[in-house]
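Taking it in order: structure first as structure tokens, then the write-up.
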Amino acid sequence: MSSTDARPAAGARAARRDGAGSGLDALGAGLDALEARHTQRASVGQALRTKALPPLVSVALVLGAWQLAYSLHAAGPQKLPSPGDVWHALALLWGDGSLFSIVWTSLWRGASGFLAAVAIGTPVGLLVARVKPVRAAVGPVLAGLQSLPSVAWVPAAVIWLGIDDSAMYAVILLGAAPSIANGLIAGIDQVPPLFLRAGRTLGASGLRGARHVLLPAALPGYLAGLKQGWAFSWRSLMAAELIASSPDLGVGLGRYLQNQREFSDMPGVLLGIALILAVGVAVDLLVFTPLERRALRGRGLLAAR
């Protein structure tokens with residue numbers, strides 16, 4: 001009798017287990033489908049509508065407001081040229097073949113100085129973040145250097161190094177390296193201590209721990225510091241090119257802007273500003289945005305954006 005009663009009880013338990021298992025399987029399948037739906041690649045038309053159309057609309061609105069202000073004579077033509085005048089200045093640069101040279105001169109300097117700042121700012125940030133006496137001594141200095149306007153370094157760099165590319169790179173380094181180091185420090189401060197303990201347990205300590213545990217965990221803050229470091233690099237370079245003038249330096253965007261100011265050529269001035277802005281936006285979209293998306297995707301946060 002007892003064996004007969006045990007069989008239905010065992011069957012009931014098995015049925016409950018099967019029901020629970022099927023329910024968990026269904027839940028897992030539903031979550032997988034939901035995640036797949038969020039991470040599914042958008043079509044070309046949808047990508048254009050969601051990513052390309054909004055910036056184009058905003059640019060069109062700015063140009064429309066600019067043209068309206070010009071038509072209403074909000075300022076004289078010498079102070080506010082029309083968008084067509086600026087386009088004509090761009091066509092002249094394109095026609096004489098100097099547009100690419102001007103943009104490339106500044107872009108090469110900015111990128112080279114930024115990479116040098118990364119090479120210096122990253123180990124400095126690691127050292128300051130992990131060694132308490134160094135942080136107490138150097139941390140306030142880094143914060144002060146980050147708040148110091150980059151243009152303040154131009155006269156000193158010219159006196160120290162002369163009016164050549166080395167002065168340009170010195171200004172970029174002094175402007176960008178503190179931002180990169182501070183971004184990495186902020187990212188490391190937000191790493192849970194459990195990650196570091198787990199890394200040490202698995203044998204990742206010292207440089208291996210920094211490479212395989214600390215830097216990946218601090219990546220969001222580090223990327224923010226890199227992005228800000230590029231902004232400081234670009235602004236520092238423009239300040240240096242505006243002030244320092246020498247035939248050996250060539251003509252970059254900052255020098256082109258200053259030349260047009262000296263010639264009282266307002267379309268050229270606005271064109272220089274537009275080109276500086278365009279390069280900054282292009283670098284952000286082509287370099288830092290993909291890096292940020294990859295970091296978010298690796299943490300499962302991309303679907304929430």
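The set of residues in segment 228-260 that are among the charged types (D, E, K, R) and within 22 Å of the chain's Cα centre (by Cα) contains only R235.
Among the residues of this structure, G113 does not count as one that is more than 30 Å from G250 (Cα to Cα), out of contact with any strand residue (DSSP E or B) (no Cβ under 6 Å at 6 or more places or on another chain) and not aliphatic (A, V, I, L, M). Screening the candidates I188, I159 for the property of being out of contact with any Lys or Arg (no Cβ under 6 Å at 6 or more places or on another chain), closer than 14 Å to A240 by Cα and in the same structural domain as G225 (by TED's automatic domain parsing) yields one hit, I159. Closer than 26 Å to V128 by Cβ, of a type outside the set (V, I, T), surrounded by fewer than 19 Cβ atoms within 10 Å (Cβ to Cβ) and touching a residue at least 24 places away in the same chain (Cβ under 8 Å): does that describe D189? So D189 fits the description; yes. Taking segment 248-265 as the range and being in a loop (DSSP other than H, G, I, E, B) and of a type outside the set (D, E) as the test, the residues that pass are G250, V251, G252, F263, S264.
Please verify whether segment 107-126 includes one or more residues that are surrounded by fewer than 16 Cβ atoms within 10 Å (Cβ to Cβ), more than 25 Å from G280 (Cα to Cα) and not polar (S, T, N, Q). Yes, some residue in segment 107-126 is surrounded by fewer than 16 Cβ atoms within 10 Å (Cβ to Cβ), more than 25 Å from G280 (Cα to Cα) and not polar (S, T, N, Q). Consider I180 carefully, then state whether it is in the same structural domain as A111 (by TED's automatic domain parsing), within 20 Å of V251 (Cα to Cα) and touching a residue at least 24 places away in the same chain (Cβ under 8 Å). No. Do you know which residues across segment 220-251 are touching a residue at least 60 places away in the same chain (Cβ under 8 Å) and of a type in the set (S, T, N, Q)? If the condition is that a residue be touching a residue at least 60 places away in the same chain (Cβ under 8 Å) and of a type in the set (S, T, N, Q), then S233, S236, S245, S246 are the ones that fit. Just one of (1) farther than 17 Å from V279 by Cα; (2) surrounded by fewer than 16 Cβ atoms within 10 Å (Cβ to Cβ) fails for W94. It is (1). If the condition is being among the aliphatic types (A, V, I, L, M) and closer than 18 Å to L161 by Cβ, then segment 214-237 contributes only L237. When G221, G229 are screened for being among the small types (G, A, S) and in contact with a Leu (Cβ under 8 Å, 6 or more places away or on another chain), only G221 passes. Scoring G76 on the criteria (1) modelled with pLDDT of 90 or more; (2) loosely packed, with under 12 Cβ neighbours inside 10 Å leaves a single failure, condition (1).
In summary, helices (runs of 4 or more DSSP H) completely within segment 67-149 and bearing 1 or more residues that are over 28 Å from the mean Cα position of the chain (by Cα) occur at 83-95, 132-147.
Considering segment 46-73, and only residues there that are over 26 Å from L286 (Cα atoms) and among the polar types (S, T, N, Q), the residue that is surrounded by the fewest Cβ atoms within 10 Å (Cβ to Cβ) turns out to be S71. Going by what's in this entry, would D248 be described as of a type in the set (D, E), surrounded by 14 or more Cβ atoms within 10 Å (Cβ to Cβ) and in the same structural domain as A129 (by TED's automatic domain parsing)? Judged against the criteria, D248 is not a match.
The values are calculated or read from the model by the stated rules, or taken from the named source; none is laboratory data. Just so it is clear, the structure is predicted and the values come from calculations on it, not from any experiment. Glycine also receives a Cβ, built like all others from the backbone with ideal geometry; neighbour counts cover every protein chain displayed.
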